[in-house]
Structure formats: C-alpha cells, structure tokens
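The values are calculated or read from the model by the stated rules, or taken from the named source; none is laboratory data. No experiment lies behind these values; they were computed from the predicted model shown. For neighbour counting, all protein chains shown are included, and Cβ atoms are generated from backbone atoms with ideal geometry for every residue, glycine included. Side chains are part of the model used for accessible areas, which takes the heavy atoms of the whole protein and leaves out ligands, DNA and RNA. Shrake-Rupley method; radii C 1.70, N 1.55, O 1.52, S 1.80 Å.
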Amino acid sequence: MSSSVPEKTVDIPDAPPSLLNSLVWALLLPAGFATASVLGEFPHPATNLCGAVVALATLATTVVLVGGVWRRRWAALLVAVLGLVLGLCAGTGLYGLYMEEFGVRSPVVVTGVEWRGEHPHCTVVETGGNHTMYELGPQENCSDSFERPDRVTLRQDPFGMLAPRLPDRPGASHTSEDAWFTAGLFGLTAAVVCCAGLRRRR
C-alpha cells in the first residue's frame, strides 16, 4: 500500500525591477524630447520634420512603456507633460547658450524692424566684410527693443548650420536662466521615469 506525499510548492518571488534598465530609460526619454526640440531650431524643413518625428516617437514610447508595460499611467501622463514642456524649452535654451559661448561675433547695424503679424523681424547688415544682410525673426532673438540704426554684435554658428542670433539686450539676458531651467526640467523628467521604472507593476 503506497502513500502519496503532498508536493511542496515554493513561491519564487518576482525579480526586482532592474535599476540599470530604469536609468537607461530615464535618460533616453527626456533626451528624445530634448533632441526633437534642438532639431526644431535648425532653419531647414527636413530637420524640423525629423524633430517632429522624434517628438512623436518619444511620446508614443512614453505612453506604451510607462503607461502600458510598466502600468504606471499617472507617471506616464506626468512624463508626457514634462516632456512636451521640455520639447518647447530645450531647443531655445541650448541654442542661446551655444551661440553665446561659441558663436562667431560679427558687428552689424540694424537697418529696419518690421512687424509681421504679432512678431517683429529685424534686418541687419554687417559693417565689415561683404556687408552681408540678414533677416532675423523672434527665434533669432529679434524683439521690439531693437531699432534703426542700432549697432550690435551678431553671433553666427561657426559650422554654418544654425541661423545667426542677435544678442540679448542689456538687462534682458535670460540665456543662463533658460539653460538652468532646461537642465532642471530634464532632471525632473528623468527622475519621474526612473521612479516609475523601479515601481513598475507586473
């Protein structure tokens, strides 16, 4: 007569979420939003289109990964909002900081300020060299504080890929503040993604 011995079952706990995996996504997602914003600063339709594609792809990845795979819907919503704000601010802040630090300086004279709709557009001419003329809009830092015949220093991209940028007017410089705001927003977005990854539901 044989007796059956009940089998013992051992519960194997789920493996903890990978810290490395969470950190990687915490860098990739905000970097995607920031990259899209930077691509939007280039004065070329192709790069602007690439920026829009990168932004949409990053947003879709955020929704699917954080909200779907990790099952952290509120975190996904927060990351999406922070990412969109980062996408609006990062390009402008980094563009201004880059031109401020590395832009080649050229003396120019303002020859006219024209309003097109709600935004001013400045026409400036180099005072030396070939007397090259530039038409610059708000994205290139043109504002109603410029008037004819102001003499200012234009900053140009040494690689010729970005549009020239007019200087900040005295007492109206926000370049460093914009850069710090961008860095803080990047860090906050990364922190939310990392926390969501470490607390993901299975």
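Some observations on this one:
- Among the numbered conditions (1) among the aliphatic types (A, V, I, L, M); (2) closer than 15 Å to E101 by Cα; (3) in contact with a Ser or Thr (Cβ under 7 Å, 6 or more places away or on another chain), the only one that A179 does not meet is (3).
- Looking only at the stretch 62-87, residues that are open to solvent by 50 Å² or more (accessible area, probe 1.4 Å) and β-branched (V, I, T) come to 5 in all.
- First in the stretch 184-196 and under 11 Å from L27 (Cβ atoms) and open to solvent by 50 Å² or more (accessible area, probe 1.4 Å), second anywhere and assigned to a helix (DSSP H, G or I) and not small (G, A, S), Cβ under 7 Å, 6 or more apart: F186/P30; F186/L86
- Of all residues in the stretch 57-111, those being under 18 Å from the mean Cα position of the chain (by Cα) and small (G, A, S) number 9.
- Tally, over the stretch 32-51, of residues that are farther than 18 Å from F186 by Cα, open to solvent by less than 50 Å² (accessible area, probe 1.4 Å) and part of a helix (DSSP H, G or I): 1
- If you filter the stretch 173-183 down to residues that are open to solvent by 40 Å² or more (accessible area, probe 1.4 Å) and more than 12 Å from the chain's Cα centre (by Cα), you find that the one that is modelled with the highest pLDDT is W180.
- Unique match (being in contact (Cβ under 8 Å) with a residue 40 or more places away in the chain, surrounded by fewer than 13 Cβ atoms within 10 Å (Cβ to Cβ) and over 30 Å from S18 (Cβ atoms)) among T153, T127: T153
- Meets criteria (over 23 Å from A179 (Cβ atoms) and modelled with pLDDT of 95 or more) for A60: yes
- Counting the residues of the stretch 62-75 that are touching a helix residue (DSSP H, G or I) at 6+ places or on another chain (Cβ under 7 Å) and not hydrophobic (A, V, I, L, M, F, W, C) gives 4.
- Single condition F181 does not satisfy, out of (1) in a loop (DSSP other than H, G, I, E, B); (2) of a type outside the set (K, R); (3) under 30 Å from L65 (Cβ atoms): (1)
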